[in-house]
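First comes the structure, then the notes that go with it.
The values are calculated or read from the model by the stated rules, or taken from the named source; none is laboratory data. Here the structure is a predicted model, which means the values were calculated and not measured. Please note: Cβ atoms are built from the backbone with ideal geometry, for glycine as well, and neighbour counts cover all protein chains shown.
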Amino acid sequence: MTDPVPTIETTDEPGTAEGFAAPRQRVLLGALYGLVAAALAAFGWFLASVGTKSQLVYLAVAIGVAVGYFVNVGARRGSALTSAVAVVITFVGCVTGFYFVSRSSLVRRGYVRLVGDDRSIPVRPSYQLVRDVLRVNLRSNVAPYLYLALALVAAAYFGLRGLDATKRRADH
């Protein structure tokens, strides 16, 4: 009696090499990784801002890099979809981070009455409060917009390519 010889089945599907299928893309898991990365990076930005008593708006770019990379890692490979997901998560993460950094800066400088008769800025914001805090802090300051644009470009790039610049794209 002879033992069967193991064979490797080959397929003619695109993305296969020597019979091994390319890993399936997991966009939802990539989005989850990106959300966690955005939360951690925004919290790190807030802590650095509080520690240095400066806004450090250039750290918005770190959110873009972290989110783009971790969306790519979570999805297993980059594509236009993972890049778009990374850009959206980066935008939300940067606005959230900048709100808390701005809020801290306004409290530190004594601007604690923004809306109504409330003498403090609540930690859990409403849309109107976020709008007012960002409006007061972004008035005549172009740097946060430039860093946000750079963060979005970084998220798009790293969401598509990851950190390995030599890695082939998923559609090749």
Within the range 36-78, the count of residues that are surrounded by fewer than 22 Cβ atoms within 10 Å (Cβ to Cβ), touching a helix residue (DSSP H, G or I) at 6+ places or on another chain (Cβ under 7 Å) and outside any helix (DSSP H, G or I) comes to 3
Condition check: part of a helix (DSSP H, G or I), at pLDDT 95 or above and surrounded by 13 or more Cβ atoms within 10 Å (Cβ to Cβ). Does L81 satisfy that?
no
Every residue from the range 128-149 that is assigned to a loop (DSSP other than H, G, I, E, B) and among the basic types (K, R):
R139
